[in-house]
1. Going by what's in this entry, would I176 be described as under 16 Å from the mean Cα position of the chain (by Cα), within 16 Å of the ligand (Cβ to nearest atom) and in contact (Cβ under 8 Å) with a residue 40 or more places away in the chain?
2. Being under 29 Å from L47 (Cα atoms), among the hydrophobic types (A, V, I, L, M, F, W, C) and at pLDDT 95 or above narrows it down to one residue among A307, A274; which is it?
3. Which of the strands (runs of 3 or more DSSP E) contained wholly in the range 126-226 include at least 1 residues that are modelled with pLDDT of 95 or more and open to solvent by less than 10 Å² (accessible area, probe 1.4 Å)?
4. Under 6 Å between Cβ atoms, which residue pairs at least 6 apart in sequence (or on different chains) link something in the range 135-164 that is over 20 Å from I221 (Cα atoms) with a partner that is within 12 Å of the ligand (Cβ to nearest atom) and not in a helix (DSSP H, G or I)?
5. Taking only pairs six or more apart or across chains, which ones have beta-carbon atoms under 7 Å, a first residue in the range 66-88 that is among the charged types (D, E, K, R), and a second residue that is away from the ligand (no atom under 16 Å from the Cβ) and at pLDDT below 95?
6. Check every one of the helices (runs of 4 or more DSSP H) wholly within the range 240-338 and list those with 3 or more residues that are of a type in the set (D, E).
7. Just need a number here: residues in the range 233-264 that are under 15 Å from D128 (Cα atoms) and either open to solvent by 10 Å² or more (accessible area, probe 1.4 Å) or not acidic (D, E) (or both).
8. Being open to solvent by less than 40 Å² (accessible area, probe 1.4 Å) and more than 17 Å from V123 (Cβ to Cβ), is that true of even one residue in the range 275-288?
Amino acid sequence: MTGPSRRTLIKGLAAAPAASLIGMPMIARAAEIELKYGNNLPLSHPLNIRAQQAADRVARETNGRVEIKIFPNNQLGGDTDMLSQVRNGGITFFTPSALVIATLVPVAAINAVGFAFADYDQVWKAMDGPVGAHVRAAIEKVNLYAFEKMWDNGFRQMTTSGKAIEQAADMASLKIRVPVSPLSISMFKALGAAPASLQFSEVYSALQTKVVDAQENPLPIIQVAKLYEVQKSCAVSNHIWDGFWFIANGRAWRGLPPDIQKIVASAINDAGVAQRGDIKSLNETVQADLQSKGLAFNKTNPESFRAKLRDGGFYKEWQERFGAEAWGLLEGAVGKLA
Ligand code: X2X
């Protein structure tokens, strides 16, 4: 299926003689346009809460003509599967992390360069500004549409079931799960670890069965996916800032009437901005909550990680891979990197 499915039920009802409708119980009117949205996160994550609000708003503002149906928590498959589905139109929307969409649009990982962003001010200036615009243009080249406002995943932290990670030397040969993303693999190899790419759907069981000992994710993810149950300690490293691109299948998007596009885009972009606020407030409480659940926290020595990346040629390699233009935009936002 390449476009939104149009149901014939309404037409059927409309064609029926009026008399046959009298006395019929109120039935939920089927939407004329049904748009499927798949994602990889549990329902309790702010991404799903705000996406549902966006869906409700779209239903309201289109008088029920458009229904966005959400399939959370990898119900439709893992990240790689959903990325193919949104490309071939099997689903209309997906929210891959920048790391993951980079398997298709390499420059999309630009925001995930290790230790690039100092804080959220820098992040949103870059992603709502020139860096984001550059990535969105690249996403459109592969026939996907990226909504303007990126959603927040967060600053990534490392957790392990083994010895606490305090400095780069503690990474030596560490079996750490990373998303399916070339940048993550390259960065953790440069840090001396033994990274393995796994879709998010596989992370909990991979940690539980000790296929890997460690993983890295923002604290809200560690909370909602209950990773604290299978990890002992968390190193506050802030090593990558990661966000989700809300993307649509290009053909399905272009096939929507302009008035509907406008309603959907406003609802999704506004929900994205609200979701950033949710993560910001969560960030104030999530560490205490995870500690109360038994996860130990420790600080790290960020300079030891940066030095290892620099000495291992990580920045130089990715400057070349991303190209001068994208790298220049990133450095314009965060200052010189290497
Ligand atoms: O897979 C992950 O680690 C996650 C949830 O952060 C992403 O979607 C990249």
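The values are calculated or read from the model by the stated rules, or taken from the named source; none is laboratory data. The structure presented is a predicted model; accordingly, all values stated were derived computationally and were not measured. Note: ideal-geometry Cβ built from the backbone for every residue, glycine included; neighbour counts use all protein chains shown. Side chains are part of the model used for accessible areas, which takes the heavy atoms of the whole protein and leaves out ligands, DNA and RNA. Shrake-Rupley method; radii C 1.70, N 1.55, O 1.52, S 1.80 Å.
1. Details: under 16 Å from the mean Cα position of the chain (by Cα): no; within 16 Å of the ligand (Cβ to nearest atom): yes; in contact (Cβ under 8 Å) with a residue 40 or more places away in the chain: yes.
Answer is no for this residue.
2. Values: A307 fails: under 29 Å from L47 (Cα atoms).
That would be A274, the only listed residue that is under 29 Å from L47 (Cα atoms), among the hydrophobic types (A, V, I, L, M, F, W, C) and at pLDDT 95 or above.
3. Details: elements: 144-146, 151-160, 175-178, 194-197, 214-217.
It comes to 144-146, 151-160, 175-178, 214-217.
4. What qualifies is A146/W245.
5. E67/A31
6. Details: elements: 250-254, 258-292, 302-311, 314-322, 324-334.
In the range 240-338, the matching helices (runs of 4 or more DSSP H) lie at 258-292.
7. Within the range 233-264, the first condition is being under 15 Å from D128 (Cα atoms), and the residues that meet it are 241-246.
If we keep only those that are either open to solvent by 10 Å² or more (accessible area, probe 1.4 Å) or not acidic (D, E) (or both) too, we end up with 241, 243-246.
The qualifying residues number 5.
8. Within the range 275-288, one or more residues are open to solvent by less than 40 Å² (accessible area, probe 1.4 Å) and more than 17 Å from V123 (Cβ to Cβ).
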